[in-house]
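Undergrad: Below are the structure tokens for one structure; questions will follow.
Just so it is clear, none of the values below were taken in a lab; they were calculated from the coordinates. Since this is a predicted model, take the numbers as computed values, not measurements. Because the Cβ atoms are built from the backbone with ideal geometry, glycine has one as well, and the counts that use them run over all protein chains shown.
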């Protein structure tokens, strides 16, 4: 009996151990994870956004949401604008300015930032957008700016005088799908037609989990319809916030929060972007009656060009200045004929053009990017950066410039994260040594 009992226990342990190994093996295989090759967030936990049915005061809005970097859904917030109920296709085409106003239309309603777009007249876009796979992404045209109010929480002199960045109008027949991305500005989106579904990921909690492999433009290459967990495993481990916007709603999208947007039916929305300032709460604010809310045409936005066409493919791809030329002169600026990795990094740390003039603490994340940057400019892979490498820049300019721009954008992100205390993403001590 004792032998039989012992044998039973051995067999039981073996079976349990085998089951454990099989479970562990399955869990280690991303292709078996729930949601693999399915739409983004389809099998992950979701949380609803905080919702209010009126605009908060500027002080409440900035202290409770903007400064702590927390999204807010404002139900019915867009209904204060004349555009609500007014922006029909007939209204647009009745405006004489619609034929002379040129807008940028993206090709393909599933966003692909490598696709070329085209400039067309606003009139022609409105006339054809229901039949074509196109999507207007453009600064709010001047003659339409008077139809959209500046969101009430921004009606403060210390905001409107130098913090307003841009306005963007998004217009399609529905069915659009954005990439998963984030922005280096604060943002209010108001919907004047259709429905939008948005997924959010908290940057503060999950910035290490979300792979932003296109630093210039701040977006992920993940296919939002078929998430490949073998390439983007971190997207299984995040908690998603979700919200459905309907006509007349507004949404505060905080600085740096990752988001992905889908639109349905005839869809028109307007974004207002403004600079994020750490722990800022405005004080010079006006008490405005509902009928007196000023519209966008009354304000200056730093990114707006003379004709109001602020948002274009060029704007979307903006990044550091010509880095090929910059690194061609890097040796001369350091007064060196050649540089080792250590010398390269030491020069980087003190370079005001590349690293900016703000305060930051060099850490392992900076070292990682610096090593990648050095590896890219060391064209002959001999462990030194010298004139022989510079001579090879021209023949590799397109690929090299893309790599350098992404590295420079990542350095900028790392510095911004340190300078915004409410992100609190620093999980390591600064390095105290000069070398890697």
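Undergrad: Using r as the Cβ-Cβ distance of residue 93 and residue 246, and R0 as 22 Å, what FRET efficiency do you calculate, to the nearest 0.05?
TA: Numbers: r = 25 Å, r/R0 = 1.14.
Between residue 93 and residue 246 the formula returns 0.30.
Undergrad: Another one. I need to check one value: relative contact order of segment 97-251, counting alpha carbon pairs closer than 8 Å and at least 6 residues apart, in percent.
TA: Working: 204 pairs, mean separation 33.9, N = 155.
Contact order relative to length: 22 percent.
Undergrad: Treat each spin label as a single point 7 Å out from the Cα along the C-beta direction, and report the residue 107 to residue 303 distance in nm.
TA: That separation, rounded to one decimal, is 2.4 nm.
Undergrad: If I take every Cα pair under 8 Å that is 6 or more residues apart in segment 139-225, average their sequence separation and divide by the length, what percent do I get for the relative contact order?
TA: Values: 40 pairs, mean separation 27.6, N = 87.
The value is 32 percent.
Undergrad: Something else now. Please arrange 240, 360 by how many other C-beta atoms lie within 10 Å of their C-beta, fewest to most.
TA: Details: 240 21, 360 17.
With the sparsest Cβ surroundings first, the list reads 360, 240.
Undergrad: Something else about it: Can you tell me, using C-alpha contacts under 8 Å and at least 6 residues apart, the relative contact order of the chain as a whole percent?
TA: Values: 778 pairs, mean separation 87.6, N = 436.
Averaging sequence separation for qualifying contacts and normalising by length gives 20 percent for the chain.
Undergrad: Residue 128 to residue 350: extension gain in nm, 0.36 nm per residue of separation minus the Cα-Cα distance? Spell out each step's value before the answer.
TA: Numbers: separation 222, 0.36 × 222 = 79.92 nm, distance 5.34 nm.
Stretched out fully, the residue 128 to residue 350 stretch lengthens by 74.6 nm.
Undergrad: Another one. Rounded to the nearest 500, what is the chain's calculated 222 nm mean residue ellipticity when only DSSP H runs of at least 4 contribute -39500 (n - 2.57) each, over all residues?
TA: Working: 15 runs with 124 residues, N = 436.
About -7500 deg cm²/dmol.
Undergrad: Of the residues 255, 326, 65, which exhibits the maximal mean-square fluctuation in a Gaussian network model of the chain defined by a 10 Å Cα contact cut-off?
TA: Comparing 255, 326, 65 in the GNM, the peak value goes to 326.
Undergrad: Just how many % of Cα pairs in the chain lie over 37 Å apart, if you round to the nearest whole percent?
TA: On the way: 33499 of 94830 pairs.
Summing the P(r) tail past 37 Å for the chain gives 35 percent.
Undergrad: What distance in nm separates the simple spin-label points at residue 264 and residue 37, each placed 7 Å from Cα in the Cβ direction?
TA: So the two model labels end up 2.6 nm from each other.
Undergrad: Mind jotting down the distance between the C-alpha centroids of segment 213-260 and segment 117-195, whole Å?
TA: Rounded to whole Å, the Cα centres lie 19 Å apart.
Undergrad: Which residue, 168, 179, 281, tops the fluctuation ranking in a GNM of the chain built on C-alpha contacts under 10 Å?
TA: Largest GNM mean-square fluctuation: 281.
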